[in-house]
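A.B. asks: Have a look at the structure that comes next, please.
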Amino acid sequence: MRPAFCCLLISALIACEGKVIAAGGGGGQVGVIDPVTGEVLGPELPAPSSRAPRLSHVEYENTARDLLGVTTAPGVTSGFLPDVTSSTFTNNGGDLVVTADQWADYQTAAEELARRATLSTAALTAAAGGTLPTDDAALVAALGRRAFRRPLTATEQGKYVALFSQGPSFYATMTARLAGARLVLDALLQSPYFLYRVELSSGGGDKVALTPAELANRLSYALWQSMPDEALLDAAEDGSLADPTAFAGHVDRMLMDPRTTASIQTFHAELLGQSKYLDITRSTTLFPEFSVELRESMRQEQVRFIDAVLQGGGGLNQLLTEKASFVDRRLAAVYGLTGTFDDTFQRVALTDGKRGGLFTQVGFLAANATSTESDPIHRGVFLNHKILCAPLPAPPNDVPPLPRPDPNVPKTLRQRITEFTGAGTCGAGCHSTMINPAGFAYEHFDALGRWRDVDNNLPVDARDSYAFQGKLRSYDGALELAQAMTEEPMAHDCYAQHWLEFLAGRGYEKTDRPLVRRVGTRSHTDGLAVTALLRELVTSEPFKTRPGDSP
């Protein structure tokens, strides 16, 4: 028999935007002129965000895993409709809603998780946090604290204790204690306080401090995409988390946890469009190196490369330029490497001056190409949007396709694109100054990501220039462009911006600019490791606060 529970609807409050005051403005706050951009940067203030973001499917799975005390995600969201958001990342809380169909899915998932958590006393002990209280009321409190990521209120405690006593009437074949725990977990996991991360702190002004419990949740879902562990829950409950030194200590502890490494991989997988790798197809007549298995090799190369950069204490500079990668026999064939390779991955040094960093890897190159040709336009759009955060306008709706090549007049793809979108054409504004210059740097790589010196029997030209915030840099090929990106603030600011979006679970706001600029500057000048960049963001005041309530 399915217990009937009502879903409490929580309205997400939209807080007012923090006010940035320029030099000479009121309030006694003086703006700072950024030496690179000439911007007037105000104080670092929190930006608006959802007050009740729903757990993304990844967060739900991770939370269920940690709540049950098991080592792998339970997989209960596999049949859910996918999370769809308007931003790069699937954890954008402002976009994640619950439809009627999804609510039925969440109810079924909650009941399945409650069943698994009460299969045995050992399973219930893990769900209670590793120690099984002997008192039923204490057991309810332990389960509620973990499910809601905060202590139950007195009213909640009374309701769930009463529900606990009804367990045997619903699950007659179970022991009374396991039945009571199962019924309570049925209810807890269907509550909005499990499905949403609710922030009820209130106040006026530019910023309002989060409560310790809210801060613990914001931190754990930023770094782990999961619930707080017992140490973080304890620190929130005793108030010590409000101390900046103690908070920083928890941040350092959590950054070393494998869950942070997994979140870093999720961030890069979504930023780099890794899911597209599984859709890559190529003719084996034109590309004999291609196979369905190669697609997984592409993904594995990227994962292993990012992990190696992290383990080595690297940051954006290494991600863009590291002259090494990880290949199996399939990738080695595409790269034209000599030696003995099998189905296992091995680290290889890239010393021929052709490849280095994420964007000369086969996954990126093949995913941003057509089935037969390289695709400088899409490669250039990707780099502008995702790596440089360049302000590209949306393309018009009636863009005609690139004219087919004339077999009687041999031309490279670059020449055809330049004639169609270059100077003097309707595409000159964005294409000839931003999109094409970035994409043309990768013309030495064909539709599968193989190196080539000729295109259509004509020499490849990978030279161009790009204006980084008004500063024109010339380069010849992908490696020189990557090096230029590491030396310009633009890419570092963009990387910090994307990380802020991911950690905060929301889109970028103008209010974020001072924080992004500060952290981007440190990445640029100090070569921050990825974990150090994360530490800068989550220990900042904007992360630990929210905008004050509107009058």
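A.B. asks: With the other protein chains left in place, how much accessible area per residue, in square angstrom, belongs to the chain at a 1.4 angstrom probe?
C.D. replies: I get 43 Å² per residue for this part.
A.B. asks: Between residue 169 and residue 408, what FRET efficiency follows from the Cβ-Cβ distance if R0 is 56 Å, with the result rounded to 0.05? Walk me through the numbers on the way to the answer.
C.D. replies: On the way: r = 84 Å, r/R0 = 1.51.
E between residue 169 and residue 408, to the nearest 0.05, is 0.10.
A.B. asks: Say R0 is 35 Å: what FRET efficiency, to the nearest 0.05, do residue 371 and residue 70 get from their beta-carbon distance?
C.D. replies: Details: r = 42 Å, r/R0 = 1.20.
Efficiency, rounded to the nearest 0.05: 0.25.
A.B. asks: Still on this structure, I have one more. Ordered by residue, what ³J(HN,Hα) values in Hz, to whole numbers, does segment 121-127 give under the Karplus form 6.51 cos²θ - 1.76 cosθ + 1.60, where θ = phi - 60° and Gly and Pro are x?
C.D. replies: 5, 5, 5, 5, 4, 5, 5
A.B. asks: Calculate the radius of gyration of the Cα atoms of segment 242-400 to one decimal place, then report Dmax, the largest Cα-Cα distance, as a whole number, both in Å.
C.D. replies: Spelled out, the Cα radius of gyration and Dmax of segment 242-400 are 18.2, 64 Å.
A.B. asks: Same structure again: Under 5 Å between amide hydrogens, which residues at least 5 positions from residue 468 or on another chain qualify, with H placed 1.01 Å from N in the peptide plane?
C.D. replies: For residue 468, the qualifying residues are 473.
A.B. asks: Quick one: plug the Kirkwood hydrodynamic radius of segment 148-285 (C-alpha pairs) into Stokes-Einstein at 4 °C, 1.567 mPa s, and report D in µm²/s. Each step should come with its number before you reach the end.
C.D. replies: Details: Rh = 18.3 Å.
It diffuses with D of about 71 µm²/s by this estimate.
A.B. asks: Could I ask something else about it? Work out the count of Lys pairs in the chain where the Cα-Cα distance is under 25 Å, with the pair 8 or more places apart or on different chains.
C.D. replies: Summing the qualifying lysine pairs gives 16.
A.B. asks: Report, in degrees rounded to the nearest 10, the 0 to 90 angle that the Cα long axis of helix 478-487 makes with the longest principal axis of the chain.
C.D. replies: Tilt relative to the chain: about 60 degrees.
A.B. asks: In segment 157-247, what chymotrypsin sites (Phe, Trp or Tyr not before Pro) fall in a loop by DSSP, with at most 14 other Cβ atoms inside 10 Å?
C.D. replies: Details: sites: 160, 164, 170, 171, 193, 194, 196, 221, 224, 247; in loops: 171, 224.
Sites meeting the loop and neighbour criteria: none at all.
A.B. asks: If you don't mind, there's one more thing I want to ask. Could you grab the Rg to Rh ratio for segment 123-229? Cα atoms only, Kirkwood for Rh.
C.D. replies: Details: Rg = 15.6 Å, Rh = 14.9 Å.
A ratio of 1.04.
A.B. asks: In degrees from 0 to 90, rounded to the nearest 10, what is the angle of the helix 136-148 Cα long axis to the longest principal axis of the chain?
C.D. replies: The answer is roughly 20 degrees.
A.B. asks: Using 1/(1 + (r/R0)^6) with R0 = 22 angstrom and r between the beta carbons of residue 155 and residue 100, what's the FRET efficiency to the nearest 0.05?
C.D. replies: On the way: r = 28 Å, r/R0 = 1.28.
E between residue 155 and residue 100, to the nearest 0.05, is 0.20.
A.B. asks: Right, here's the next one. For segment 36-124, state the average projected area of the convex hull of the C-alpha atoms over all orientations, rounded to one decimal in nm².
C.D. replies: Working: hull surface 36.5 nm².
It is 9.1 nm².
A.B. asks: I need the shape label for segment 283-357. Rule: rounded when a/c is under 1.5, else prolate if a/b > b/c, else oblate, with a, b, c from the alpha carbon gyration tensor.
C.D. replies: Values: a/c = 1.98, a/b = 1.74, b/c = 1.13.
Cα axes put segment 283-357 in the prolate bin.
A.B. asks: Output ³J(HN,Hα) for segment 226-238: one whole-Hz value per residue in order, computed from phi by the Karplus curve 6.51 cos²θ - 1.76 cosθ + 1.60 with θ = phi - 60°, and x for Gly and Pro.
C.D. replies: With coefficients 6.51, -1.76 and 1.60, one gets 7, 5, x, 7, 4, 5, 6, 4, 4, 5, 5, 6, 8 Hz.
A.B. asks: Okay, moving on. Output the 0 to 90 degree angle, nearest 10, between the alpha-carbon long axis of helix 292-311 and the longest principal axis computed from the alpha carbons of the chain.
C.D. replies: The helix 292-311 is inclined about 70 degrees to the chain.
A.B. asks: Please turn the phi angles of segment 504-520 into ³J(HN,Hα) values with the Karplus equation 6.51 cos²θ - 1.76 cosθ + 1.60 (θ = phi - 60°), one per residue in order, whole Hz, x for glycine and proline.
C.D. replies: Ordered by residue, 3J(HN,Hα) equals 8, x, 7, x, 6, 10, 4, 4, 6, 4, x, 5, 4, 5, 5, 6, x Hz.
A.B. asks: How big is the Kirkwood radius of segment 416-521, worked out from every pair of different alpha carbons and given in Å to one decimal? Spell out each step's value before the answer.
C.D. replies: On the way: mean 1/r = 0.0634 Å⁻¹.
Its Kirkwood hydrodynamic radius stands at 15.8 Å.
A.B. asks: I've got another one for you. Based solely on its DSSP helices, what 222 nm [θ] is calculated for the chain when runs of n ≥ 4 H residues each add -39,500 (n - 2.57) and the sum is averaged over all residues, nearest 500 deg cm²/dmol? Kindly include the intermediate steps, with their values, before the conclusion.
C.D. replies: Numbers: 24 runs with 242 residues, N = 551.
It lands at -13000 deg cm²/dmol.
A.B. asks: Could you work out the relative contact order of segment 397-551? I mean the mean sequence separation of Cα pairs under 8 Å and 6+ apart, divided by the number of residues, in percent.
C.D. replies: Answer for segment 397-551 is 13 percent.
A.B. asks: Around residue 374, which amide H atoms from residues at least 5 apart in sequence, or from another chain, sit under 5 Å from its own amide H, with H modelled in the peptide plane?
C.D. replies: 447
A.B. asks: So what's segment 482-551 giving for Rg/Rh, alpha carbon basis, Kirkwood Rh from the mean inverse pair distance?
C.D. replies: On the way: Rg = 12.7 Å, Rh = 12.6 Å.
Using only Cα positions, Rg/Rh for segment 482-551 is 1.01.
A.B. asks: I've got another one for you. Given (1) 84, 63, 45; (2) 101, 59, 47; (3) 73, 54, 52 as candidate values of Cα extents along the principal axes in Å, which corresponds to the one derived from the coordinates?
C.D. replies: The value computed from this structure is option (1).
A.B. asks: In addition: Given 0.36 nm per residue, what is the gain on full extension from residue 349 to residue 465 after removing their alpha carbon distance, in nm?
C.D. replies: Details: separation 116, 0.36 × 116 = 41.76 nm, distance 2.82 nm.
Working it through step by step, the gained length comes to 38.9 nm.
A.B. asks: So, how do all the Cα-to-Cα distances of segment 333-380 break down into 5 Å bins, in percent, from 0 on up?
C.D. replies: Once binned at 5 Å, the Cα pair distances of segment 333-380 give 4, 16, 25, 22, 17, 12, 4, 0.
A.B. asks: Would you pull out the residues with amide H under 5 Å of residue 455's amide H, same chain only if 5 or more places away, H placed 1.01 Å from N?
C.D. replies: It is 460, by chain and number.
The values are calculated or read from the model by the stated rules, or taken from the named source; none is laboratory data. Computed from a predicted structure; not experimentally measured. FYI the Cβ positions are ideal-geometry reconstructions off the backbone, even for glycines, and counts take in every protein chain you see. Heavy atoms of the whole protein, side chains included, go into the accessibility calculation; ligands, DNA and RNA do not. Shrake-Rupley method; radii C 1.70, N 1.55, O 1.52, S 1.80 Å.
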